[in-house]
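**Q** Would you mind keeping the following structure in view while I ask a few things?
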Amino acid sequence: MSEEKTINQIIADAVKKMESVVSGWFTSDAVMLGAWCLVDKIPDPRQKTFGIDSRSNPPCIRYNPYFVNSLPQEYLEAVMVSEGFKILLKHCTTRLQKPKAICNMASQITINSCVMGSVIDKQMFANALNSKDFELEENQWLEYYFRQLLDNLPKTLDKVSEKFDKDIKENDGLPQPQGGQQGEGEGEEGEQKGSGGQGDTDKQGYQKFSTPSDAMKEYFDPSSTANQDWSENDMLDADVKNMVDEKKGSTKQWGKFTGNAMNQIVAANTPKISYKDILRRFHNSVISTKQIASRMKVNRRYDLAQPGHRRIYKSKLIFAIDASGSMSDEDLKEGFAVVNTLCKHSQITYILFDTEIKIVETKFKKAKKSFKVTGRGGTDFQDVIHFANKNKSDGMIIYTDGCASPPTKPDHTKILWLLTKKEYKPPVEWGMRATLDRMENVH
């Protein structure tokens with residue numbers, strides 16, 4: 001019984017410390033308060049520090065009471081604010097990417113560089129991962145950091161090993177680059193096995209910490225348990241959106257933490273039209289149909305006395321990728337990914353061009369693992385417009401950054417300009433336009 005009373009008291013002390021932080025937000029930061037009121041708080045020996053569980057119903061924050069009690073009040077508030085931003089910016093739900101450990105790292109870097117820097121003592125986050133650790137641009141969005149970390153996985157693992165003084169390659173919490181296997185060590189649900197922690201554990205399995213520094217180091221370790229329970233949760237996202245919508249009209253609701261990140265939070269909770277939806281609508285708009293007689297179809301008017309009719313859907317669709325020098329390797333990689341997605345639904349003609357057409361592949365209908373890239377000079381859209389006119393195409397998607405002289409309008413081909421960034425514009429006023437969903441405006 002003595003051990004049970006002890007752990008109960010430890011949990012009670014932790015609850016009191018967290019409630020003290022939350023009560024301070026009643027007058028200073030209503031949005032952060034709202035985020036924490038949307039989730040339950042549950043002590044859990046599986047959780048070494050703090051972690052959002054968006055898989056549970058209702059969603060909750062699972063915590064280790066020893067971790068909470070080991071931190072000074074200002075350190076605890078900083079950690080709780082960080083978790084609040086993961087909820088408000090939907091890092092733990094809609095924007096979750098796998099492997100989860102890499103997403104956790106990207107989330108840390110995003111929040112620490114874009115949100116926390118101006119309001120939190122940097123000494124508290126001395127162990128946190130930041131953009132400088134990986135020689136990446138500052139003030140970018142989660143998806144950008146995730147791609148960069150995953151694309152340079154060996155370098156990423158080396159930096160994490162150095163930062164946390166451990167051989168991360170022997171740890172099951174992070175993916176390993178050997179054999180091209182990403183996500184190795186994650187179970188079917190993506191759970192991580194953790195890093196072993198700092199110090200001893202009690203009889204219930206709760207991790208103990210000897211110093212605040214050890215506790216914070218465990219919290220920021222990407223191979224630990226902080227994000228093991230992240231998952232998509234439409235109900236939590238809807239609750240966050242409703243709360244943000246209620247408060248975005250009044251600046252008084254936004255405090256020193258969320259006030260600096262108001263635009264990012266509002267943007268993360270603003271519905272967006274996906275470029276995939278625009279592509280689908282564009283594709284549907286250029287489909288042509290033809291009816292042919294068929295005995296396999298029943299005639300609605302004459303029954304079996306006359307053949308029925310069936311429709312043949314056909315369209316001549318071109319996907320043209322700008323391979324000029326102004327298009328980065330990452331831009332081209334994402335363009336090829338769109339081509340592979342589009343060819344699953346229709347047969348297309350694929351074009352690679354810069355000042356002239358470099359590659360033409362007709363009847364493109366199977367995804368490729370690799371694409372040949374030539375060109376990398378200037379940009380001239382006129383050749384692809386001539387190609388569309390010559391082949392009497394129904395529609396053409398031009399993937400580009402838009403940096404070139406305006407071409408003449410095609411004779412009858414519908415054009416969709418698919419731009420690499422939201423701030424870019426096509427060189428002409430005609431045609432539909434869309435931007436890849438890379439969430440540049442959402443941190």
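**Q** Given the pairs K98/K409; K247/K414; K98/K421, which are separated by over 32 angstrom at their Cα positions?
**A** Details: K98/K409 43 Å; K247/K414 42 Å; K98/K421 24 Å.
In this structure, K98/K409; K247/K414 lie more than 32 Å apart at Cα.
**Q** Can you give the extra length, in nm with one decimal, that the chain gains between T27 and D167 once fully stretched, where that is 0.36 nm per residue apart less the Cα-Cα distance?
**A** Separation in residues times 0.36 nm, less the Cα-Cα distance, equals 45.9 nm.
**Q** To continue, here is another question. Expected output is a single nm value to one decimal: the length gained when fully extending between N389 and E361, i.e. 0.36 nm times separation in residues minus the C-alpha distance. What is it? Could the numbers behind the result be given before it?
**A** On the way: separation 28, 0.36 × 28 = 10.08 nm, distance 1.68 nm.
Full-extension gain reported as 8.4 nm.
**Q** Another one. For D329, put the label point 7 Å out on the Cα→Cβ axis and report which residues of the stretch 145-165 keep their amide N under 18 Å from it.
**A** Label zone hits: 145-157.
**Q** Shifting gears a bit: If a/c stays under 1.5 just call it rounded; otherwise compare a/b with b/c (prolate if a/b is bigger, oblate if not). Do that for the stretch 55-146, with a ≥ b ≥ c from the square roots of the Cα gyration tensor eigenvalues.
**A** oblate
**Q** How large is ³J(HN,Hα) for each residue in the stretch 409-418, as worked out from phi by the Karplus curve 6.51 cos²θ - 1.76 cosθ + 1.60 (θ = phi - 60°), to whole Hz, x for Gly and Pro?
**A** So the J values, rounded to whole Hz, are 6, x, 4, 9, 6, 6, 10, 10, 8, 9.
**Q** In what order do T211, T435 fall by count of nearby beta-carbon atoms within 10 Å, going from fewest to most?
**A** Going from sparsest to densest Cβ surroundings: T211, T435.
**Q** Going by C-beta contacts inside 10 Å, put I357, I348 in order with the fewest on the left.
**A** Final ranking by Cβ density, sparse to dense: I357, I348.
**Q** Roughly speaking, what is the stretch gain from T270 to D202, that is 0.36 nm per residue apart minus the C-alpha to C-alpha distance, in nm to one decimal?
**A** Stretched fully, the T270-D202 segment lengthens by 20.0 nm.
**Q** Can you compute the FRET efficiency between K368 and Q9 using 1/(1 + (r/R0)^6), with r the Cβ-Cβ distance and R0 = 56 Å? Round to the nearest 0.05.
**A** Between K368 and Q9 the formula returns 0.35.
**Q** To continue, here is another question. Among the listed pairs K86/K241; K100/K163; K132/K372, give every one whose C-alpha distance is greater than 21 Å.
**A** Correct reply: K132/K372.
**Q** List the residues whose amide H sits under 5 Å from the amide H of T201, counting only those 5 or more places along or on another chain, with H placed 1.01 Å from N in the peptide plane.
**A** The list, which skips near neighbours in sequence, is K208.
**Q** Taking 51 Å as R0, compute the FRET efficiency from the Cβ-Cβ separation of S210 and C403 and round it to 0.05.
**A** Working: r = 57 Å, r/R0 = 1.11.
In this case the efficiency is close to 0.35.
**Q** What residues have an amide H closer than 5 Å to that of K358, excluding those fewer than 5 places away on the same chain, when H is modeled at 1.01 Å from N in the peptide plane?
**A** HN-HN under 5 Å from K358: L352, F353.
**Q** For I351, I7, I42, I397, which order do you get if you count the other beta carbons within 10 Å of each Cβ and list the fewest first?
**A** Working: I351 25, I7 18, I42 12, I397 28.
Ordered by Cβ neighbours within 10 Å, fewest first: I42, I7, I351, I397.
Just so you know, all these numbers are worked out from the coordinates, no wet-lab data involved. The structure displayed is predicted, hence computed values, not measured ones. Virtual Cβ from ideal backbone geometry, glycine too; neighbours counted across all protein chains shown.
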